[in-house]
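Worksheet for the structure shown next.
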There are 2 protein chains.
Amino acid sequence: MNLITILGLVAASLTTGSFLPQAIKAIKTKHTKDLSLGMYSVLTSGIVLWLIYGILVNDIPIIASNCVTLVFTSAILFLKLRYK
Amino acid sequence: MNLITILGLVAASLTTGSFLPQAIKAIKTKHTKDLSLGMYSVLTSGIVLWLIYGILVNDIPIIASNCVTLVFTSAILFLKLRYK
């Protein structure tokens, strides 16, 4: 694996994992007023489309990273709807 | 352009554009307490790495979408630091 591929994997891990602290914060505080419902609706829809795209082009990194991100953003969307 | 490519472009537009309503909300309300500083720090760092990756592999869609996303997430990070 070359350095550029490693850079791409680090980038993917950061953008995917970044949603975890937001989910944890929303669970802990039970406050989501400042979160944008529009953002999490559009983002979650976009990630579902990325997942379908990844399945259709049979790209494992796209499938894997969007599966994980979908769990986090769906959780945040659920918390936003619950604690709005 | 085939249907799968169009699906990918729609997915990219949604995930990129999703951050705009959050930036607008933060500008309007001047409240960012519920936003996770950890999320926007890690996400913005990840997007910078995606941008470098896109430049190194000379992939225009990666460069373009991450340039736009970087503007939005940097703005949200700035607003989070300003109105914390």
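The values are calculated or read from the model by the stated rules, or taken from the named source; none is laboratory data. The shown structure was predicted, so the numbers you read here are calculated from the model rather than taken from an experiment. No Cβ is skipped: glycine too gets one built from the backbone with ideal geometry, and neighbour counts run over all protein chains shown. Note: accessible area is taken over every heavy atom of the protein model, side chains too, but ligands, DNA and RNA are not part of it. Shrake-Rupley method; radii C 1.70, N 1.55, O 1.52, S 1.80 Å.
Entry comment: accessible area of chain B is 53 Å² per residue, from protein heavy atoms only and a probe of 1.4 Å. Accessible area per residue (1.4 Å probe, heavy atoms of protein chains only) ranks B:Tyr40, B:Tyr53 as B:Tyr53, B:Tyr40, with the largest value leading.
Measuring from the axis that maps chain B onto chain A, the chain B residue with the nearest beta carbon and its rounded distance in angstrom come out as B:Asp34, 2. Applied to the stretch B:2-18, the Karplus parametrisation 6.51 cos²θ - 1.76 cosθ + 1.60 on θ = phi - 60° returns per-residue 3J(HN,Hα) values of 8, 5, 5, 5, 4, 4, x, 5, 5, 4, 5, 5, 5, 5, 6, x, 4 Hz, with x for Gly and Pro.
Overall shape of the protein assembly as shown was characterised from the C-alpha gyration tensor. The equivalent ellipsoid obtained from it has semi-axes of 26, 17, 15 Å, in decreasing order.
Plugging the Kirkwood radius over Cα pairs into Stokes-Einstein for chain B, at a temperature of 20 °C and a viscosity of 1.002 mPa s, what D comes out in µm²/s?
Value of D from the Cα-based Kirkwood radius: 157 µm²/s.
FRET efficiency for the pair A:Leu7 and A:Cys67, taken as 1/(1 + (r/R0)^6) with r the Cβ-Cβ distance and R0 = 25 Å, rounds to 0.70. Across the stretch B:3-82, the relative contact order, built from alpha-carbon pairs under 8 Å that are at least six residues apart, equals 44 percent.
Using just the helices of chain A, give the 222 nm mean residue ellipticity in deg cm²/dmol: DSSP H runs with n ≥ 4 each add -39,500 (n - 2.57), and the total is spread over all residues, rounded to 500.
-27500 deg cm²/dmol
Can you compute the FRET efficiency between A:Tyr83 and A:Val48 using 1/(1 + (r/R0)^6), with r the Cβ-Cβ distance and R0 = 30 Å? Round to the nearest 0.05.
0.85
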